[in-house]
Amino acid sequence: MAQREFKRKKSVRKGSKAPRKTKRRVSSAARKGSLFSRLGDLVPGPEAIAKFLVLSIIWIMVLGGGVVAYYGYGLPDKISFDVASERKPSIRVVSIDGAILATYGDRYGNPVEVRDLPDYVGQAFVSIEDRRFYDHFGIDLIGIMRAAWVNLTAGRIAEGGSTITQQLAKNLFLSPERSFGRKIEEVLMALWLEFKFNKQQILSLYLNRIYFGSGVYGIDAAARHYFGTDPRRLNLYEAAVLAGLPKAPSRYNPLVDPKLSAERANVVLAAMASTGALTKARAERAKQTRVRTTRSAQAGPGVRYFSDWVLDRVRDYVGYVDQDITVHTTLDSRLQEIAEFNLERALESNSAKQHHVGQAALLAMTPDGAVRAMVGGRDYFESQYNRVTQARRQPGSVFKLFVYLAGLEQGFGSNDWMRDAPITINGWEPRNFDRKNHGTMSIRDAVATSNNSIAVQLALEVGLDKVIQKARDMGVSSKLSADPSLALGTSEVSMLEMTGAYAIVANGGFAVFPHAVSKIVGTNGEVLYQRSDDFPVRLMNPLHAGEMNNMLAAVVAKGTGRNAIIDRPSAGKTGTTSDYRDAWFIGYSADLVAGVWMGNDNGSPMDDQVTGGGLPAALWRDFMLHAHENIPVRSLGKAALARSKKIGEDDSWRDFTAGYSSGNKKQ
C-alpha cells in the first residue's frame with residue numbers, strides 16, 4: 001500500500017508574524033486581452049455561421065413552401081374567368097325627357113386593348129398606380145419598401161405597395177376581405193397572372209375591370225359616362241381624371257366634386273412628369289382647376305326618392321333581373337327640378353324656421369296618374385325615408401273629399417243647406433278652426449271654409465261605412481277607423497293615396513292608378529314591359545265629379561285655399577291636424593295634380609300659424625306657377641269632357657260640366 005508523502009509544515013515561533021502573501025498585479029491591458037479572448041470564444045467561426053445560414057434558408061423554404069401549398073391548394077378553383085365575370089345587372093332609371101336619373105348595379109363597357117388607346121392613357125395609370133409596372137414580376141419589392149418607409153415617416157397609411165397585377169388579381173378573383181391569407185392568395189395570383197399574360201394584356205385586363213365610381217366598371221364605360229366619348233378619343237386631361245379615380249372613386253368623382261377631381265388629376269399629371277411620360281411643361285399646361293364633364297346632374301339628389309321607389313317595383317314588372325335594363329319613367333326632369341327648388345326654398349324661409357317646420361314633401365302627377373315629380377323630403381342623404389310613399393300621416397280636412405263624395409252619391413247637393421251648430425258625440429265635440437259656429441250655410445260654403453261640424457254631421461248621416469268605401473274605391477288602402485272623427489281626417493294615410501284620389505276628381509271621375517314606369521328595355525333593346533294605353537274605367541258619375549270640382553274650386557276662390565290661386569282654373573283642399581302636427585294642400589289644374597305636406601318627422605307640433613292654407617298652399621302655388629310656364633290655359637270642364645270623348649262615352653252628360661267651375665284666374 002503506497003504511503004502518502006508527508007510534508008512538514010513550517011513552524012512559526014510564538015510571537016512572530018506569519019509571512020504575508022504577495023498579490024500579483026495584472027495590468028489593464030492584460031485584463032482587456034483576457035476579456036476579448038473570452039468574447040472571441042463566444043463568436044462562432046465561419047463554418048458555424050455558414051451552417052446556421054444554410055439551416056435557416058432551408059427552414060424558411062420549408063415554412064414558405066408550406067404556406068404557399070396551404071393557400072395555393074384552392075387557387076385553381078378560384079382562377080376562373082366565369083366567376084370573375086359575375087356582376088350585378090345594371091339598372092338605369094330614365095326620365096320621360098331622356099335624362100338619366102339614377103344608375104343601380106354594375107355597368108361595364110366594351111373590352112378595349114391598351115394598344116388601341118392613346119399612349120398617355122396607359123401611361124397615366126402606370127405612373128400613378130404602379131410606376132415600376134414594366135420592371136417587376138408582379139410583386140414590386142422596391143415599391144413595398146418605399147411604401148413602408150413613406151408610411152413609417154408619415155405615421156399613417158399614406159401609400160400602398162400593391163402593383164397593378166395584384167389589383168387585377170384582387171378585382172378578378174378575390175373578395176374585399178382584409179387578412180393575411182387573402183394577401184398571400186393575392187401575391188400568388190399576381191405571380192400566376194404574370195406567368196400567364198404579358199404586360200400589355202395585364203394592363204388591358206386591368207383597365208377593363210377597374211371601378212371608376214357611379215356604378216361604372218372599365219375604361220370604356222367610364223369614358224362614355226363622364227365624358228361622352230369613346231376611350232380611344234380621350235384627351236390627356238380626361239385620361240388623367242380617369243386614372244385618378246381608382247384610389248377613391250366616390251371621393252374623386254367629377255360629377256360629385258369637380259374641383260377635388262381636378263386636384264387629383266393634377267397629381268396624376270405630376271406623376272407622369274416624374275416618370276418621364278410627359279415633360280414638366282406639358283404637364284403644367286394640361287392642369288385645370290375644375291373637371292368639365294359632358295354629363296351634368298339633370299335633377300338634384302331629391303330625385304333618388306323617386307328612383308328608389310321605381311327600383312322597388314321593377315321586379316313586379318319583369319321578375320328576376322339577370323341582365324342590364326333601362327327603366328323609362330314618367331318623371332319630368334324639369335318639373336322635378338322645380339319641385340326640389342321650391343320645396344327647399346320654402347323650408348329655408350324665415351317663416352318656416354320661425355314656425356318650426358322641419359320637413360316637407362311634394363308629389364305631382366297628371367290627372368291620369370303619371371307621376372311627374374316626387375320629393376320625399378328635404379335631404380335624401382340625411383334621410384332616405386320617403387314621406388310621399390312610406391309615411392302615414394293624418395290628412396286633416398283633405399280627407400273630407402270622401403265625406404262629400406259619399407254625400408253626393410246619397411243625394412246631397414252642393415247647394416243644399418245644413419246648420420253649423422254645436423254637436424256632442426259620446427263626449428266629443430268637433431269644433432271649427434275659429435272655435436265659432438256660423439249657422440246655416442250651403443254645403444259648397446262648408447267645403448270652402450272647411451267647416452268641421454257640418455262635415456261630421458254629413459258623415460254620420462250618410463254612414464261612416466259609405467265614407468270608408470268611397471275612400472277604398474278611390475285608392476286609399478290604409479287602415480281607416482270607423483269613428484266620427486274620421487270625417488276630420490284622423491286616420492293616417494299616405495300622400496300618394498290622397499293625391500291619386502284628387503286626380504280622379506280632376507280627370508272627371510276615371511279610375512287612377514299612380515304609376516311611374518312606362519317601359520322597361522333589356523340589353524339588346526328587347527321590350528320587357530310596356531304600359532298599356534287601355535281606356536280608363538269610369539269610377540264616378542260625371543255629375544258628382546263636376547259638382548265636387550265646383551266645391552273644391554270655391555276653396556281656392558274664396559275659402560281656406562286662397563294662397564293657392566294661380567294664373568289658370570284650379571281647385572283644391574286644405575288640411576290641418578290637431579296640435580298643428582300636419583299641414584296639407586292638394587289641388588289640381590287641367591294638366592297637373594299636386595300634393596304638399598309639411599310637418600316634423602318626430603310628430604312635434606308646428607306653430608299654431610301653420611295651416612294647410614298657409615305655407616303648404618304657398619308652396620303649391622309657387623310650384624304650379626313654374627310648372628305651367630308656356631302651357632296653354634285650359635278649363636277643368638273641357639279637359640274632363642275630352643277624356644270622356646276619348647273612351648267613346650255618350651256626350652249627353654256634357655251639360656253637367658257646368659259643375660266644373662272655370663276657377664279663379666289670378667289677375
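The values are calculated or read from the model by the stated rules, or taken from the named source; none is laboratory data. This structure is a prediction, so every number in the text was calculated from the model and none was measured. With ideal geometry, Cβ positions are generated from the backbone for all residues, glycine too; neighbour counts draw on all protein chains shown. Heads up: the accessible areas ignore ligands, DNA and RNA and are worked out on the full protein's heavy atoms, side chains in. Shrake-Rupley method; radii C 1.70, N 1.55, O 1.52, S 1.80 Å.
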Can you name the condition, by its number, that G411 falls short on among (1) at pLDDT below 95; (2) of a type outside the set (D, E); (3) in contact with a strand residue (DSSP E or B) (Cβ under 9 Å, 6 or more places away or on another chain)? (3)
Given (1) of a type outside the set (A, V, I, L, M, F, W, C); (2) under 17 Å from R393 (Cβ atoms); (3) surrounded by fewer than 18 Cβ atoms within 10 Å (Cβ to Cβ), index of the condition S491 fails: (3)
Considering only the stretch 451-462, I want to know if a residue exists there that is assigned to a helix (DSSP H, G or I), surrounded by fewer than 18 Cβ atoms within 10 Å (Cβ to Cβ) and touching a residue at least 60 places away in the same chain (Cβ under 8 Å). no
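Conditions tested, residue by residue: (1) without any contact (Cβ under 8 Å) to a residue 40 or more places away in the chain; (2) closer than 19 Å to G475 by Cα; (3) β-branched (V, I, T).
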site: G508; (1), (2), (3): no, yes, no
site: N524; (1), (2), (3): yes, no, no
site: V527; (1), (2), (3): yes, no, yes
site: H544; (1), (2), (3): no, yes, no
site: N550; (1), (2), (3): no, no, no
site: A553; (1), (2), (3): no, no, no
site: V556; (1), (2), (3): no, no, yes
Could you grab the pairs with beta carbons closer than 9 Å, sequence gap of 6+ or different chains, first residue in the stretch 562-582 and under 22 Å from N630 (Cα atoms), second one in a loop (DSSP other than H, G, I, E, B) and of a type in the set (F, W, Y)? P569/Y660; A571/Y660
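Quick one: would you say G396 is surrounded by 18 or more Cβ atoms within 10 Å (Cβ to Cβ) and either in contact (Cβ under 8 Å) with a residue 60 or more places away in the chain or aliphatic (A, V, I, L, M) (or both)?
Yes; evaluated as a whole, the condition is true for this residue.
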Out of all the residues in the stretch 570-577, is one or more among the basic types (K, R) and open to solvent by 10 Å² or more (accessible area, probe 1.4 Å)? no
Looking only at the stretch 433-465, how many residues end up being within 20 Å of M551 (Cα to Cα) and charged (D, E, K, R)? 3
If you check every pair at least six apart or on different chains, which have Cβ atoms under 7 Å apart with a residue in the stretch 603-630 that is of a type in the set (V, I, T) first and a residue that is outside any loop (DSSP other than H, G, I, E, B) and open to solvent by less than 20 Å² (accessible area, probe 1.4 Å) second? V610/A583; V610/M598; T611/T574; T611/A583
Somewhere in the stretch 514-535, is a residue among the aliphatic types (A, V, I, L, M), within 17 Å of L408 (Cβ to Cβ) and touching a Lys or Arg at 6+ places or on another chain (Cβ under 9 Å)? no
Inside the stretch 198-226, can you point out the residues that are in contact with a Leu (Cβ under 7 Å, 6 or more places away or on another chain) and open to solvent by 10 Å² or more (accessible area, probe 1.4 Å)? L205, R209, S214
The number of residues in the stretch 399-423 that are in contact (Cβ under 8 Å) with a residue 40 or more places away in the chain and among the basic types (K, R) is 1
So which residues in the stretch 504-560 are crowded, with 22+ Cβ neighbours inside 10 Å, assigned to a loop (DSSP other than H, G, I, E, B) and of a type in the set (S, T, N, Q)? N507, T560
The residue that is farthest from I586 (Cα to Cα), considering only those in the stretch 403-448 that are of a type in the set (V, I, T) and in a strand (DSSP E or B), is I425
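Tally up the residues in the stretch 586-636 that are outside any loop (DSSP other than H, G, I, E, B), open to solvent by 10 Å² or more (accessible area, probe 1.4 Å) and in contact with a helix residue (DSSP H, G or I) (Cβ under 8 Å, 6 or more places away or on another chain), please.
Within the stretch 586-636, the subset outside any loop (DSSP other than H, G, I, E, B) is 586-588, 593-599, 615-627, 636.
Then drop every residue that is not open to solvent by 10 Å² or more (accessible area, probe 1.4 Å), which leaves 615, 618, 621-622, 625-626.
Okay, now just the ones that are also in contact with a helix residue (DSSP H, G or I) (Cβ under 8 Å, 6 or more places away or on another chain), so 615, 618, 621-622, 626.
Residues in the stretch 586-636 being outside any loop (DSSP other than H, G, I, E, B), open to solvent by 10 Å² or more (accessible area, probe 1.4 Å) and in contact with a helix residue (DSSP H, G or I) (Cβ under 8 Å, 6 or more places away or on another chain): 5 in total.
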R472 is checked against (1) modelled with pLDDT under 95; (2) surrounded by fewer than 23 Cβ atoms within 10 Å (Cβ to Cβ) and fails just one. What number does that condition carry? (1)
Enumeration of residues in the stretch 529-542 that are among the hydrophobic types (A, V, I, L, M, F, W, C) and either in contact (Cβ under 8 Å) with a residue 60 or more places away in the chain or more than 26 Å from K638 (Cβ to Cβ) (or both): F535, L539, M540
